[in-house]
1. Before anything else, pin down the relative contact order of the chain: Cα pairs under 8 Å, at least 6 apart, normalised by residue count, whole percent.
2. Ignoring solvent entirely, what values of log10 I(q)/I(0) come out of the Debye formula for the stretch 261-314 at 0.15, 0.22 Å⁻¹ when each Cα is a single scatterer?
3. I'd like the projected area of the stretch 1-146, averaged over all directions, using the convex hull of its alpha carbons. Report it in nm² with one decimal.
4. Report, to two decimal places, the Cα Rg of the stretch 423-486 normalised by 2.2 N^0.38 Å (N = number of residues).
5. Work out the FRET efficiency for residue 47 and residue 91 from their Cβ-Cβ distance, taking R0 = 51 Å, and round it to the nearest 0.05.
6. If packing is taken as the average count of other Cβ atoms within 10 Å, what order do 140-146, 286-292, 337-343, 88-94 fall into, highest mean first?
7. Return the FRET efficiency for the residue pair residue 447, residue 133: r is the Cβ-Cβ distance, R0 is 41 Å, and the value is rounded to the nearest 0.05.
8. Using 0.36 nm times the number of residues separating residue 454 and residue 288, minus their current alpha carbon distance, what extension gain do you get?
Amino acid sequence: MELNSVKDSPAVAVTTDVLVVGAGPTGLTLACDLARRGVGALVVERADTLFPGSRGKGIQPRTQEVFDDLGIIGAAEAAGGPYPVGMVWQDGERQGEHRMFEEIQPTLDAPYDRPLMLPQWRTQEILHARLRELGGADVEFGAALTGLAQDEGGVTARLADGRTVRAAYAVAADGGRSTVRAALGIGMTGESVDPNPILVADVRIPTLDRDNWHMFPPATEGAGFLALCPLSGTPDFQLTAQFPAGTAPDTSLDGVREVVAARTHLTADEVTEVRWASDFRPRAALADRFREGRVFLAGDAAHVHSPAGGQGLNTSVQDAYNLGWKLGAVLRGGAPAALLDTYEAERLPNAARMLGLSTRIHRGEERRGAATRQLGLGYRDSSLSVETRTGLPEEALRAGDRAPDGPCGAGRLFDAFRGPHCTLLAVGTDAELPSLDEELVHVRRIDAYAPYGKGLFLVRPDGYVGWAGEDATGLTDYIRLIHEGS
């Protein structure tokens, strides 16, 4: 496929602000964020339907905060549930519990304390429904991209049905085998995490209890592990099974039945259905860059993770959440196009950290803990993080950090942050504030609050502190970086 040009194209049939290639969690999150900013987005998906499998089933606390902002956390919690405690089996007998995660209690500043189990297919359904509620254009299924060219004014793409699309920007959210990334000539640097292939499948086993995440260690030398995790809100289990290097797992019903019968106390006939199945070789890879002109890479198109630790889907959602408000600011808020340069500068280092974490967890070098929740990730080194205070204690909240939740009037800070605007928090101070456009920057005053201390904090639309100061000196200059003429 020659994606670097669009030859012999008919007249442009579709125009939009942003072309999003791929309707996975990344593309749908981005489309939702753009829709609430009044930015037109066309999502094209080469498959005929949304992805049908459970693959990325863990929604980390930081992603739950994103879903809170997007207005879907209630639907996600209703459809999902907590992870069950692991149960180790041997020779048909229960050997004892195995806890996958450190227990942490919710706090005022971090209300989402543990991963939410939600099959990927259900996450995508919820995002798709929200996109429709927000009035965004529906996903065009069966719409493979066959050509792409860009110039100083925008991007022109050709679809398999012969139509062309003209957009100001395009986002490749088309997965680890991204055709857009390959056609742009953007390489990926990475490594094989594990030479042993893994089978993953959604299966139904009515005779197996759903109280635990059932784990079956290898019974003999060279045999792989097998695990069966009940998927919240469904009658299904997610099966994962490791195979020796060089083998090809059988993803058929008979193949799945055979491996279950061989490695567990269950019989083949107790596996009544295979809803979806796939196999993969765990690897970690990072795109050399996340942008080529007017085309951005996001999600698996930019970084491929081992599934260990549940970081892939979550890092992908964070990509979309970071890029969405910046595209909105440039296309609707009058912000300079240079704002988009900060996408790669902020997201590439964070994706690299999460790749390393996923690999260490896969290899048993690190436990699932605070780092996997992604609440500690931030952008202190970003050009968009301006800290004007001095002499801060080590534990102090700084520009670039995630903005904590907490009380705010009759509600909470996350209520104040929710939406496409910035929020200026005046915490424990009566400092004089400049006149601000209330549509772009919502102002809230609260009493001194330990997670913030005292001062002024400009919270970006994606929930990170962009600017912090003891008074408003320099605040309006900062806001102009985001909204020209504010």
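1. Here the relative contact order equals 17 percent.
2. -0.66, -0.93
3. In nm², the orientation-averaged hull projection of the stretch 1-146 is 13.1.
4. Cα-based Rg divided by the globular estimate yields 1.03.
5. After rounding to 0.05, the efficiency reads 0.75.
6. 286-292, 140-146, 337-343, 88-94
7. It comes to 0.70.
8. Stretched fully, the residue 454-residue 288 segment lengthens by 55.7 nm.
The values are calculated or read from the model by the stated rules, or taken from the named source; none is laboratory data. Quick caveat, the model's predicted, so the values are computed rather than measured. No Cβ is skipped: glycine too gets one built from the backbone with ideal geometry, and neighbour counts run over all protein chains shown. With ligands, DNA and RNA removed, areas are computed over all heavy atoms of the protein, side chains included. Shrake-Rupley method; radii C 1.70, N 1.55, O 1.52, S 1.80 Å.
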